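Peer 1: Once you've had a glance at the structure underneath, I'll fire off some questions.
The values are calculated or read from the model by the stated rules, or taken from the named source; none is laboratory data. All values reported here derive from a predicted model rather than from experimental measurement. Note that each Cβ is placed from the backbone with ideal geometry, even for glycine, and that neighbours are counted across all protein chains shown. In case anyone asks, the SASA skips ligands and DNA or RNA and just uses the protein heavy atoms, side chains included. Shrake-Rupley method; radii C 1.70, N 1.55, O 1.52, S 1.80 Å.
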Amino acid sequence: IIREEVNMDKEYESQLKAFGDEQIQLIKIDQNKKRQQERQEATNSTISSIMSSVEGRRWAFDFLDMCRVNTAPIIPGKPDMTAFYCGVQAVGHELLKSIMVAVPELYHVMIQEEAARRSYLNRLRET
């Protein structure tokens, strides 16, 4: 009888330990989700701050343009340059994704402002 109780105690302890380990894993997952959410909120705040001014939107547009977000990164016959520009474009896509998550309405404002700026510059060149 004593041996059976000892075996049951060990089995109970192992079940408790397994349950405890599961709980610890769930707590860690919750903590990681919370940290990830806090990082996303901080990123959204930063992007919102940048995009809230004309100068910030112009910087963002120029950065996206520099990263070739709206053009193909392929350089025919130069696989090393193509790979480089693919990496550059990936950075630009991350910024674009952050803008679209944080303030998608200001992305459209940025595009309209850039179109107006280019139109103005073209009119100046024509005169």
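Peer 1: How far, in degrees from 0 to 90, does helix 104-126 lean away from the longest principal axis of the Cα atoms of the chain, to the nearest 10?
Peer 2: 20 degrees
Peer 1: Which ³J(HN,Hα) values, rounded to whole Hz and listed in residue order, are derived for the stretch 77-93 from phi using the Karplus coefficients 6.51, -1.76 and 1.60 in 6.51 cos²θ - 1.76 cosθ + 1.60 with θ = phi - 60°, glycine and proline given as x?
Peer 2: In residue order, the calculated couplings are x, 10, x, 5, 5, 4, 4, 4, 5, 5, x, 4, 5, 4, 5, x, 5 Hz.
Peer 1: Send over the per residue convex hull volume for the stretch 31-88, Cα only, as a whole number of Å³.
Peer 2: On the way: hull volume 5.4 nm³, N = 58.
Enclosed volume per residue, from the Cα hull, is 93 Å³.
Peer 1: Working out 0.36 nm times the residue gap between Arg39 and Arg123, then minus their Cα-Cα distance, what length gain in nm do you get to one decimal?
Peer 2: Values: separation 84, 0.36 × 84 = 30.24 nm, distance 4.38 nm.
Taking Arg39 through Arg123 to full extension adds about 25.9 nm, to one decimal.
Peer 1: Summing -39500 (n - 2.57) over the DSSP H runs of n ≥ 4 in the chain and dividing by its residue number, what mean residue ellipticity at 222 nm do you reach, to the nearest 500 deg cm²/dmol?
Peer 2: When only DSSP H runs of four or more count, the value is -31000 deg cm²/dmol.
Peer 1: Rank-order 37-49, 115-127 by packing density, defined as the average count of other C-beta atoms within 10 Å over each peptide's residues, highest first. Each step should come with its number before you reach the end.
Peer 2: Values: 37-49: 12.5, 115-127: 8.9.
Descending packing order for the listed peptides: 37-49, 115-127.
Peer 1: Cut-off 10 angstrom, C-alpha nodes, Gaussian network model of the chain. Which of Phe63, Phe19, Phe84 fluctuates the most?
Peer 2: Judging by the Gaussian network model, the answer is Phe19.
Peer 1: With a 1.4 Å probe and every protein chain left in place, work out the accessible area per residue of the chain in Å², rounded to a whole number. Could the numbers behind the result be given before it?
Peer 2: Working: 9930 Å² over 127 residues.
That works out to 78 Å² for each residue.
Peer 1: Still on this structure, please answer the following. Computing the accessible area with a 1.4 Å probe over protein heavy atoms, can you report the carbon and sulfur percentage for the chain?
Peer 2: Carbon and sulfur atoms account for 58 percent of the accessible area of the chain.
Peer 1: To continue, here is another question. When you take every Cα atom in the chain, what is the radius of gyration, and what is Dmax, the widest Cα pair distance, in Å?
Peer 2: 27.1, 104
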